[in-house]
1. Ranking Y35, Y230 by Cβ neighbours within 10 Å, fewest first, what do you get?
2. Given Cα pairs under 8 Å that are at least 6 residues apart, what percent is the relative contact order of the range 69-134?
3. Return one number: the angle in degrees, 0 to 90 and rounded to the nearest 10, between the long axis of the Cα atoms of helix 116-131 and the longest principal axis of the Cα atoms of the chain.
4. In deg cm²/dmol, rounded to 500, what helix-only [θ] at 222 nm does the chain give when every DSSP H run of at least 4 residues adds -39500 (n - 2.57) and the total is split over its residues?
5. Taking H placed 1.01 Å from N in the peptide plane, check which residues at least 5 places from I236 or on another chain put their amide H under 5 Å from its amide H.
6. Taking the Cα centre of the range 152-207 as the origin and placing charges on Cβ (Lys, Arg +1; Asp, Glu -1), which of A156, T189, L201 is farthest toward the positive end of the dipole?
7. Per-residue HN-Hα couplings for the range 88-99, Karplus 6.51 cos²θ - 1.76 cosθ + 1.60 at θ = phi - 60°, whole Hz, x for Gly and Pro?
8. Only Cα pairs within less than 10 Å get springs; with that Gaussian network setup on the chain, which residue of E57, E78, E215 has the largest fluctuation?
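No value in this document is a laboratory result; all are computed from the given coordinates. For clarity, every value in this text was computed on a predicted model and none was experimentally measured. When we count neighbours, we look across all protein chains shown, and the Cβ atoms used for this are built from the backbone with ideal geometry, even at glycine.
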Amino acid sequence: MLIGKVALITGASRGIGRAIALKFASLGADVAVVYGGTRASALEVAGIARQYGVRAEVFQCDVSDFASAGKTVAAVREALGTIDILVNNAGITKDGLVVGMREEAFDSVLDVNLKGAFNMIRHTSPIFIRKRAGRIINIASVVGLIGNAGQANYAASKAGLIGLTKSVARELAPRGVCCNAIAPGFIETDMTRHLGENNALLQSIPLGRTGRPEEVAELAAFLAQDAAAYITGEVIRIDGGLGM
Ligand code: NAI
């Protein structure tokens, strides 16, 4: 259970982040629904979360902006008292072959997926260090482990996120803070909708199907709970076997 814990989840207005926010709320956590885009969707997630009897508030934040991340962490703390769990889930893709990739496509994906996680960790870690407790869960990707043609920027950002995870895990372990990464494969969300019924892709998944956001949320919930207190610096694939 997560009763009495406060969880901040970025990109929580839809997809995997939404599923994580709702799963955490169902386990009794108060949730900070941090969103980049649509306030209405974030409010809807918070409304559903409250039905579990927890506190849920929405916060607009561009995670790639250091100052915005700092203001958001301060606002969450003000509204919900503290932060116990940080989930860096916000992410974007700007796919294309490296030979024709625009500089902006590389920079913006790195800025959101990698620097965004750094920004949030940078601003929450003093809270965790003071409490001598805390959990950081970074949503990476199997692509960060095995690469993917057409996603050099995205794969680099996710591989970087895995390096960030392990370094932060080492730095904060003496302070009782755990930091882990989840590496999902092909999960059905808005991000992957355009891939449609791509059978070649499905055939490359040993379990022969795509994953659901709720399945990723189960894993995040496990890593957030007391049962996972001895796990840090780990990268757990949830990909139907795609990356093995
Ligand atoms: P999504 O596109 O449905 O959701 C991403 C969320 O991040 C959105 O709510 C968006 O508003 C938010 N966001 C984007 N830029 C932001 C910014 N600058 N500041 C704050 N929020 C921002 O995508 P999905 O599929 O739910 O992905 C969630 C995470 O899971 C991402 O990090 C993605 O890379 C990762 N992932 C997804 C996989 C999939 O198959 N769907 C596979 C592996 C990893």
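1. Y230, Y35
2. Answer for the range 69-134 is 49 percent.
3. 30 degrees
4. The helix-only estimate for the chain comes to -13500 deg cm²/dmol at 222 nm.
5. The answer is A181, I182, A183.
6. Positive-most Cα among the choices belongs to A156.
7. 8, 10, 4, x, 9, 10, 9, 6, x, 5, 4, 4
8. E78
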